[in-house]
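See below for the structure under consideration.
The values are calculated or read from the model by the stated rules, or taken from the named source; none is laboratory data. If you're wondering where the values come from, they're calculated on a predicted model, not measured in any experiment. Cβ placement follows ideal geometry from the backbone for every residue including glycine, while neighbour counts extend to all protein chains displayed. Just so you know, the surface numbers come from the protein's heavy atoms only, side chains and all, with ligands and any DNA or RNA stripped out. Shrake-Rupley method; radii C 1.70, N 1.55, O 1.52, S 1.80 Å.
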Amino acid sequence: MPASLPRRFSRPRLFIPAILVLGLAAFFWPSPDLGGSDSFIFYFPSGHHALPLESVGSVKYLPLLQILNMVGKVGGIQEKKNSIKVWFGPTQIELRQKDTKVLVAKASYDLHQPVHLSDGQWMVPVEFLTTVLPRLAHQSVEYQQGTNRIFIGDVRPASFSVRLDPIANGVRLAVQFTDKVSVRTASINGKWVLFLGDRPMEPMEPSFHFQNAYVSDLRFDDQDGVPKLILSPTSSGLNFFPVLAEGGKVLLADVLKPPSPSAQVSQPQPASQPKPPSAQSTPAGPAPEVTEESPAAPPAPPLPVVALDAGHGGEDNGGRSHDGVFEKDLAAQYVARVRSALLATGKYRVVLTRTGDVNVSVEQRALAANLSNAIYFLSFHAGDLGSASPRITFFTFQPPAPLAPATVPLAAAGAIPAAEDAAPPTFVPWGQVQETRLGQSLQLALALQQQFALVNGAQVDMPATAPVRILRNVNAPAVAIEMGRLASDADATPLTDPNFQQQVAGAVVQALAAFEKGGN
Ligand SMILES: [Zn+2]
């Protein structure tokens, strides 16, 4: 590295092999616009498409025919002055201007907001995506209310959680991804932008606001179909050192005050001296064209997080049934159903400890739950529980030794602490975190047991304790749910039955509600 490069331009000197240092070379994005546009992104396994959103009052609209042409084939249309018929595959769809009803193969659906014509284009409210589209698309449709993105088909978006910790002379941002990402950094309009590669992302929250002397907020943006995080520093002249760790699953970024002038006595630099051109590689204060968010309205508190853990994965298949069903796949099926059911309540966000068929360590799974401040942790497994099937057993963690005196839960596991007023941390050894939660975990297991007992045909056991490794490091009420019977001499049919799986998902939702009602 040339000696003439200013200090702030140099890479952090980290020689830990597990850590990959990201390039911080100056990089200029052709457009200075960071998310001013209003578009809706459709993610497919093959790529993404953006459609412009049109707002009428508080309702957002999308062009009907463009949506249909993306998810399938429009066979023909018949337009009249105030109505349109569309042949979509074997299905006929009929809409009327200023009408909230849509006819799909003669069945009527209510969009709550009226269809309208805009410059000859038929526009439907975004609610069309949840009310009508799943009935037309012969593939999975995943849409979280209020967002400007939808996932159609086998897309499996990754997600992430965020925390910020004070360190000497700055803060450390930790972003934990559910899957490996590649990250490219750039400095645009005085903000740091982290491009997250091609992988579609579904953020649990669109933005995070911080209170400290270094960074004010972190925002997710994929308005142009390129997922990225935008970090806003509170002032210019701060140094930014991002590194990728854990094989690309964790991004650590230190935001540091540059060394104070008194520490550079040998090279005094008057504050009034103009910055060298390379200062563009660090934020130079917000440029005028970027509108800062108003500090007046504090954002609504984010929804609580439920961590769902699909057991095994990758080379670790877990158990296998006579008819060739792997435990890892069955666990993922249950997690997907429970996830959809929880999201549909509008009461929770969901973090998955693994997405896709990959092997994730138990530490990594617990970390994903703890970093997202999950309020529940549910691990799904299947095994040989004796002759009855379906049969369900619940396990809470059994500590290896007599229980230590009650310890205060990890202070760091609460809300993201402000740098100035962070309480002195109370440390509970990582391996004993769950021991502080055993009472709640048992209450949760009992609530689950009561609701699962209502599932048709299932034999449900009383909760038991076991030294389940996956639960040990989780800082939340945590239960492992074991389904049976999955064994080499039995077919998995009772467990793969969609109706049974759906009932299980419903039972989880009911159990969490009952647990919350119980004042726990
Ligand atoms: Zn298992």
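Brief remarks follow.
- Between the range 448-520 and the range 184-217, the alpha-carbon centres lie 37 Å apart.
- Residues Lys257 and Gln139, FRET efficiency given R0 of 35 Å [Cβ-Cβ distance, rounded to 0.05]: 0.10
- Scoring 363-371, 119-127 by mean Cβ neighbours within 10 Å over their residues and listing the highest first yields 363-371, 119-127.
- Ordered from longest to shortest, the equivalent ellipsoid semi-axes for the range 295-365 are 32, 14, 7 Å, each the square root of 5 times a Cα gyration tensor eigenvalue.
- Per-q log10 I(q)/I(0), the range 101-180, q = 0.11, 0.21, 0.22, 0.26 Å⁻¹ (Debye; single scatterer per alpha-carbon; no solvent): -0.51, -1.05, -1.11, -1.27
- Taking the accessible area of the range 170-247, probe 1.4 Å, and keeping the other protein chains in place, the carbon and sulfur fraction comes to 46%.
- Given Lys85/Lys106; Lys191/Lys249; Lys347/Lys517, the pairs whose alpha carbons are separated by over 18 Å: Lys191/Lys249
- With a simple spin-label model that places each label point 7 Å from the Cα along the Cα-to-Cβ direction, the separation between Val358 and Thr496 comes to 2.6 nm.
- log₁₀ of I(q)/I(0) at q = 0.31 Å⁻¹ - the range 471-520, Debye sum with one point per alpha carbon: -1.13
- In the full protein context, the range 177-260 carries 31 Å² of accessible surface per residue, based on a 1.4 Å probe and ignoring ligands, DNA and RNA.
- Gain in span if fully extended, Ala107 to Asp224, counting 0.36 nm per residue against the direct Cα distance: 38.6 nm
- Two-site label geometry, Leu117 and Glu516: point separation in nm, points 7 Å out along Cα→Cβ: 4.5
- The range 442-499 shape via C-alpha gyration tensor axes, a/c threshold 1.5: oblate
- P(r), alpha carbons of the range 353-397 - 5 Å bins starting at zero, rounded %: 5, 15, 23, 20, 17, 12, 6, 2
- Each label point was placed 7 Å from the Cα along the Cα-to-Cβ direction; for Gln211 and Ala464 their separation is 4.8 nm.
- Placing +1 on the Cβ of every Lys and Arg and -1 on the Cβ of every Asp and Glu, with no other charges, gives the range 61-214 a dipole of roughly 220 debye about its Cα centre.
- Computed from Cα atoms alone, the Kirkwood hydrodynamic radius reported for the range 70-228 is 18.9 Å.
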